[in-house]
Amino acid sequence: MIVTITLNPCMDKTIYLDQLSIGSYNRVQNTRSDLSGKGINVSTALSHFRAKTHCMGLNFRGNAQMLERILDQRGLSHDFVLTDGQIRTNIKLFDKSFQVMTEINEAGPTVPSRAVDLLLDKIEGILDQAYLLVLSGSIPPGVPTDIYQRIIRMAHRKDVKTVLDAAGEPFLLGLSEKPYLIKPNLYEFGQAFQEEIKAGKEPLEIARGLVRNGIPYICISMGSDGALLIDKDHTYRAAPLSVEAKGLTGAGDSMVAGMCYAIRRRLSSEDMLRYAMAASAGSVRLEGTLLASWKDVEELLPQVEIQVL
């Protein structure tokens, strides 16, 4: 089973504009709202791929029933810790003329330590049933920045592989426990290693160093430039697929889901990247935070072009 952790779920409100004009009047073409959160998105995509998955994390009393109802509608197994507050709303402004997304994300409610402790107990209790544990997304106020580090350490004691897709200090602290796979985007990677990059090191050199130091797989997503996957033997680069972009939110989560699917099936590194790219492109061509179907992946897999660097 692939278990996903979402500490800061949200409602994504995607607003479509012909062209975003800063400081001026903008006419909205259409909008849509989707329950989201990076771990929830990964589980949703995995369920489309017929993979067994289970969602865990934090839920907030103000609109908790909405999250539970939607996850039930998606057929997702879930077990969230309930605490005070309201699930946040994230605004996504999609400029159709340039096919770019401007994101305005709320921080989320403050979480008490007792809710964090209860969630850690729940996670420890399910690790015996887990093959992969996916830790992804931002953390709300009150949650300690070493939360991912602590969970990865816990998973290692049970020989459970971990996937980390985060940013900032939670990402850097998590790296110290050497997760099985990390998937930053190029901006997140640059932020995490800005001092090394300023000192003249190339991102690829830094990534290869991390692999040599014990992180088996690093995938760096690069948007319109494709993606890199580095393992102990090779560096692979995937070219971007040519699809019409309708919704960029969730593309990285679909990429993680594609790699998790390949890892669970014990496929090669090259196939991990191939499934990642097909799943990501399948989501990009869907509106809002809709995620790729298995039919999308099957259609796009043959179009993925991979080069060994």
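The values are calculated or read from the model by the stated rules, or taken from the named source; none is laboratory data. Computed from a predicted structure; not experimentally measured. Heads up, the Cβs are rebuilt from the backbone with ideal geometry, glycines too, and the neighbour counts pull from every protein chain shown. When the accessible area is computed, the model is the full protein with side chains, heavy atoms only, and any ligands, DNA or RNA have been set aside. Shrake-Rupley method; radii C 1.70, N 1.55, O 1.52, S 1.80 Å.
Some values worked out for this structure:
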| quantity | calculated |
| --- | --- |
| Looking only at segment 82-96, and only at residues there that are of a type outside the set (S, T, N, Q) and under 20 Å from GLN29 (Cα atoms), the one that is surrounded by the most Cβ atoms within 10 Å (Cβ to Cβ) | PHE94 |
| Qualifying residue in segment 117-135 (condition: open to solvent by less than 40 Å² (accessible area, probe 1.4 Å), under 28 Å from VAL160 (Cα atoms), without any contact (Cβ under 8 Å) to a residue 60 or more places away in the chain and in contact with a Gly (Cβ under 8 Å, 6 or more places away or on another chain)) | no |
| Positions within segment 248-281 being outside any helix (DSSP H, G or I), modelled with pLDDT under 95 and not hydroxyl-bearing (Ser, Thr, Tyr), in sequence order | LEU248, GLY250 |
| Only one of ASP12, ASP79 that is of a type in the set (Asp, Glu), surrounded by fewer than 22 Cβ atoms within 10 Å (Cβ to Cβ) and touching a residue at least 24 places away in the same chain (Cβ under 8 Å) | ASP79 |
| Failed item, numbered, when ILE22 is tested on (1) among the β-branched types (Val, Ile, Thr); (2) open to solvent by 30 Å² or more (accessible area, probe 1.4 Å); (3) in contact with a Ser or Thr (Cβ under 8 Å, 6 or more places away or on another chain) | (3) |
| Residues (in a strand (DSSP E or B) and of a type outside the set (Val, Ile, Thr)) located in segment 223-247 | ALA227, LEU228, LEU229, TYR236, ARG237, ALA238 |
| Meets criteria (touching a helix residue (DSSP H, G or I) at 6+ places or on another chain (Cβ under 8 Å) and open to solvent by less than 60 Å² (accessible area, probe 1.4 Å)) for VAL143 | yes |
| Verdict on LEU46 being surrounded by 21 or more Cβ atoms within 10 Å (Cβ to Cβ) and either under 22 Å from the mean Cα position of the chain (by Cα) or touching a residue at least 24 places away in the same chain (Cβ under 8 Å) (or both) | yes |
| Out of VAL304, VAL211, VAL256, sole residue that is open to solvent by less than 50 Å² (accessible area, probe 1.4 Å), free of Cβ contacts under 8 Å to residues at least 24 places away in the same chain, of a type in the set (Val, Ile, Thr) and touching a strand residue (DSSP E or B) at 6+ places or on another chain (Cβ under 8 Å) | VAL211 |
| Only one of THR235, THR289 that is closer than 27 Å to LYS96 by Cα, in contact (Cβ under 8 Å) with a residue 40 or more places away in the chain and touching a strand residue (DSSP E or B) at 6+ places or on another chain (Cβ under 8 Å) | THR289 |
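Conditions tested, residue by residue: (1) at pLDDT below 95; (2) touching a strand residue (DSSP E or B) at 6+ places or on another chain (Cβ under 9 Å); (3) under 15 Å from ASN8 (Cβ atoms).
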residue: SER138; (1), (2), (3): no, yes, yes
residue: VAL143; (1), (2), (3): no, yes, yes
residue: ASP146; (1), (2), (3): no, no, no
residue: LEU175; (1), (2), (3): no, yes, no
residue: ILE182; (1), (2), (3): no, yes, no
